[in-house]
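**Q** One structure, pasted below without further comment.
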Amino acid sequence: MASGRATREARQQKVTERRLAVARAEAMRRALWIGSLVTLLVVAACTGLLIWQW
C-alpha cells in the first residue's frame, strides 16, 4: 500500500513539474512578445523623430 502511495505522489510530482514547465514557457513567450512590441515602438518613435527633425 505504501508503494502505491509513493508512485501516486511521484506521478503527481511529474504532473506538477510539467505544469510549471508549461507556465514558464508561456511566460517566456509573453516576455518575448512584449519585448518585441517595445522594440517596435522604440524604432517607430526614433524614425518619427528623425523624419520630424529632417
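What follows draws every value from the coordinates through simple rules; no lab data is involved. Bear in mind that the values here come from a model prediction, so they are computed numbers and not experimental data. Please note: Cβ atoms are built from the backbone with ideal geometry, for glycine as well, and neighbour counts cover all protein chains shown.
**Q** Please report, in debye to the nearest 20, how large the charge dipole of the chain is about its Cα centre when each Lys and Arg carries +1 at its beta carbon and each Asp and Glu carries -1 there.
**A** My answer is approximately 460 debye.
**Q** Turning to a different aspect of this structure: Give me the angle, in degrees from 0 to 90, between the Cα long axis of helix 2-53 and the longest principal axis of the Cα atoms of the chain, rounded to the nearest 10.
**A** Result, in degrees: 0.
**Q** So, one more: Got a sec? Charge dipole of the chain, +1 on Cβ for Lys and Arg, -1 for Asp and Glu; which of Gln12, Val22, Ala45 is way out at the positive end?
**A** About the Cα centre, the residue reaching furthest to the positive side is Gln12.
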